[in-house]
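Encoded as structure tokens, the structure appears first; notes follow it.
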Amino acid sequence: MNDLLDGARDSAAYLEPIAEGATLLRGFAVPAAATLLAAIESVVQAAPFRHMATPGGRRMSVAMTNCGRGGWVTDHRGYRYTAADPLTQRPWPALPAVFFDLAARAASTVGFAGFAPDACLINRYRPGARLTLHQDRDERDFKAPIVSVSLGLPAVFLFGGVQRRDRPRRIRMESGDVAVWGGPARLAYHGIAPLVDGNHPLTGRCRINLTLRKAL
Ligand code: MD3
Ligand code: FE
């Protein structure tokens, strides 16, 4: 077995380069998936999924919550990171160690040593939910990579260039796939095509994505 993928232990994980600075670690989170989902459940008990509003007043089709020192929020005032959940006024739940460790191992596997995420956005997609093409630029510094973990139903990930007009590629993401986006790929436009209905043994009729960032 590829010892670069030691972190994935016995699973059949492999690396798939997407672009300079962007790599897919297929199956990397398969061994941890059940543990990740249990941790997600406990986060969601303290900070429930909700549909946030865009600054323009549209309800997002993706339901979101957060854990970590900072949580990404959007409302009529704009996009930002907050220390407290606006719904409960309480600090976001702590970042579970299993999230931190998985993200740090994935990042170091592809050359980003020392990645220490302090924010995790948890996105829940039900059939039809989508994320339009955007850049992640609400973080303080763009030197750190972003690590994303897909769980449950598959999705078509749209990966564009650093300019909005660059035509996006379509990449299928499956449960347990992890992606690391850094370096020249950090400000690439990306999105998720409308989720196709299905039933997944781990999550039922939904997809859950963890986005781990160094935001603060
Ligand atoms: C590529 N979430 O919450 S994470 C988001 O599946 C978001 O829920 C998606 O995009 C989801 O902002 C995909 C994958 C991702 C995250 C950051 C990136 C891809 C990226 C930054 C640059 C390029
Ligand atoms: Fe994004």
Among the numbered conditions (1) more than 14 Å from ligand 2 (Cβ to nearest atom); (2) at pLDDT 95 or above, tell me where Arg186 comes up short.
(1)
How many residues does region 120-134 hold that are open to solvent by 10 Å² or more (accessible area, probe 1.4 Å) and either more than 10 Å from ligand 1 (Cβ to nearest atom) or over 13 Å from the mean Cα position of the chain (by Cα) (or both)?
7
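Looking at Gly191, Gly152, which one is more than 10 Å from ligand 1 (Cβ to nearest atom), under 22 Å from Met64 (Cβ atoms) and among the small types (Gly, Ala, Ser)? Walk me through it before giving the result.
Values: Gly191 fails: more than 10 Å from ligand 1 (Cβ to nearest atom).
Going through Gly191, Gly152 in turn, just one is more than 10 Å from ligand 1 (Cβ to nearest atom), under 22 Å from Met64 (Cβ atoms) and among the small types (Gly, Ala, Ser): Gly152.
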For region 121-137, name all the residues that are within 12 Å of Ile192 (Cα to Cα), within 13 Å of ligand 2 (Cβ to nearest atom) and in a loop (DSSP other than H, G, I, E, B).
Arg130
Could you tell me whether region 183-198 includes any residue that is within 19 Å of Gly21 (Cα to Cα), open to solvent by 70 Å² or more (accessible area, probe 1.4 Å) and touching a residue at least 12 places away in the same chain (Cβ under 8 Å)?
yes
May I ask you to list the residues in region 85-119 that are exposed (fewer than 15 other Cβ atoms within 10 Å of the Cβ), free of Cβ contacts under 8 Å to residues at least 24 places away in the same chain and either part of a loop (DSSP other than H, G, I, E, B) or under 14 Å from the mean Cα position of the chain (by Cα) (or both)?
Pro86, Gln89, Gly111, Ala113, Gly114
Check on Val162, assigned to a loop (DSSP other than H, G, I, E, B), within 10 Å of ligand 1 (Cβ to nearest atom), more than 20 Å from Arg69 (Cβ to Cβ) and more than 14 Å from the chain's Cα centre (by Cα)
yes
I'm told Ala39 meets every condition in (1) in contact (Cβ under 8 Å) with a residue 24 or more places away in the chain; (2) assigned to a helix (DSSP H, G or I); (3) out of contact with any helix residue (DSSP H, G or I) (no Cβ under 8 Å at 6 or more places or on another chain); (4) away from ligand 1 (no atom under 13 Å from the Cβ) except one. Can you identify the failing condition by its number?
(3)
So which residues in region 42-53 are in a loop (DSSP other than H, G, I, E, B) and open to solvent by less than 30 Å² (accessible area, probe 1.4 Å), if there are any at all?
Ala47, Met52
Name the residue, out of Asp6, Asp10, that is at pLDDT below 95 and either among the β-branched types (Val, Ile, Thr) or not in a loop (DSSP other than H, G, I, E, B) (or both).
Asp6
Leu151 assigned to a strand (DSSP E or B) and open to solvent by less than 20 Å² (accessible area, probe 1.4 Å):
yes
Condition first: over 27 Å from Ala97 (Cβ atoms) and either within 9 Å of ligand 1 (Cβ to nearest atom) or in contact with a Lys or Arg (Cβ under 8 Å, 6 or more places away or on another chain) (or both). Can you find one or more residues in region 200-208 that meet it?
yes
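The values are calculated or read from the model by the stated rules, or taken from the named source; none is laboratory data. If you're wondering where the values come from, they're calculated on a predicted model, not measured in any experiment. Using ideal geometry, Cβ is built from the backbone for each residue, glycine included, and neighbour counts are taken over all protein chains shown. Surface accessibility is based on the protein's heavy atoms, side chains included, excluding ligands, DNA and RNA. Shrake-Rupley method; radii C 1.70, N 1.55, O 1.52, S 1.80 Å.
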